[in-house]
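**Q** Sharing a structure, written as structure tokens. Questions coming.
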Amino acid sequence: MENFEELRRLMVQTQIIPRGISDKKVIDTMLKVPREKFIDEKFYNDAYGDHPLPIGESQTISQPFMVALMTEHMKLTGSEKVLEIGTGSGYQTAILAELSKEVYSVERISVLYEKTKSILSELGYKNIFLFNDDGSQGLKKHAPYDRIIVTAAADKIPQPLIDQLTEGGRIVIPVGERFSQDLTVADKIKGSLKIHNYGGCVFVPLVGKHGMS
Ligand code: SAH
């Protein structure tokens, strides 16, 4: 059996810190959350590799650095209500739950939703609420949210997500084309978005009503 704690430490030292992640709380969380629990046993020897891995249904668990980068951009203090679109493996969900008050996470594929639900409850998370739905429409029932993260690529920021963000809130989302996007961070200030781009990334497409056309 691998020494996962040691692999996590190596991941942080070689992939996360040298690429500029400096928020201590994010780093501590990357050292804590067991990524191996969110993947299939056959990938255990690669659990902390510097890349995405398949999680079934043609979807992937994101590269650890991308999880850390998006989490750092979320600027969480511990009191936020967070909406995540694209639960997938639930790894990013767990990281967010460590750093915020509560996480509402939406996944459209029921097989992934069911699987991840049992993993996250096994791990004991009480501040995560999962939904099996089209997240491109947000999750109106529990809106508004202080932070929104989308871990699938859109061609523009879906309007329902902008509407469901609090004033002063922030959304982190890959925006662009099918195989090439910019990591986009937008703050909602006086009702409109102040947008920053943080360079290239590649995510699976956000599908659904307000997804990629
Ligand atoms: N953060 C996840 C990323 C999974 S990949 C992880 O690291 O494991 C992106 C996920 O977004 C997939 O599971 C896909 O099914 C989901 N997705 C795509 N479009 C969606 C939509 N409209 N609503 C909810 N989930 C969606």
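**Q** Among what's in the range 185-213 and is outside any loop (DSSP other than H, G, I, E, B) and within 16 Å of the ligand (Cβ to nearest atom), pick the residue that is surrounded by the fewest Cβ atoms within 10 Å (Cβ to Cβ).
**A** Pro205
**Q** Could you tell me whether Val150 is open to solvent by 10 Å² or more (accessible area, probe 1.4 Å), within 25 Å of Glu57 (Cβ to Cβ), out of contact with any Phe, Trp or Tyr (no Cβ under 6 Å at 6 or more places or on another chain) and within 14 Å of the ligand (Cβ to nearest atom)? Full working, then the answer.
**A** Working: open to solvent by 10 Å² or more (accessible area, probe 1.4 Å): no; within 25 Å of Glu57 (Cβ to Cβ): yes; out of contact with any Phe, Trp or Tyr (no Cβ under 6 Å at 6 or more places or on another chain): yes; within 14 Å of the ligand (Cβ to nearest atom): yes.
So Val150 fails the test.
**Q** Next up: Condition (residue is in contact (Cβ under 8 Å) with a residue 12 or more places away in the chain, open to solvent by 20 Å² or more (accessible area, probe 1.4 Å) and either farther than 26 Å from Gln13 by Cα or not in a loop (DSSP other than H, G, I, E, B) (or both)) applied to the range 77-85: is it met by at least one residue?
**A** Yes, there is a match, as at least one residue in the range 77-85 is in contact (Cβ under 8 Å) with a residue 12 or more places away in the chain, open to solvent by 20 Å² or more (accessible area, probe 1.4 Å) and either farther than 26 Å from Gln13 by Cα or not in a loop (DSSP other than H, G, I, E, B) (or both).
**Q** Every residue in the range 111-140 that is out of contact with any helix residue (DSSP H, G or I) (no Cβ under 8 Å at 6 or more places or on another chain), small (Gly, Ala, Ser) and either modelled with pLDDT under 95 or near the ligand (Cβ under 7 Å from one of its atoms) (or both), please.
**A** Gly135
**Q** Here's another thing I want to ask about it. Checking Tyr145 against (1) open to solvent by less than 30 Å² (accessible area, probe 1.4 Å); (2) in contact with a His (Cβ under 9 Å, 6 or more places away or on another chain); (3) of a type in the set (Phe, Trp, Tyr), which test does it fail?
**A** The number of the failed condition is (2).
**Q** Among (1) more than 9 Å from the ligand (Cβ to nearest atom); (2) open to solvent by 30 Å² or more (accessible area, probe 1.4 Å), which single condition is Arg108 missing?
**A** (1)
The values are calculated or read from the model by the stated rules, or taken from the named source; none is laboratory data. Nothing here was measured: the structure is a model prediction, and the numbers come from that model. Positions of Cβ are generated from backbone atoms using ideal geometry, with glycine treated the same way; all protein chains shown enter the neighbour counts. For accessibility, only protein heavy atoms count, side chains too; no ligands or nucleic acids. Shrake-Rupley method; radii C 1.70, N 1.55, O 1.52, S 1.80 Å.
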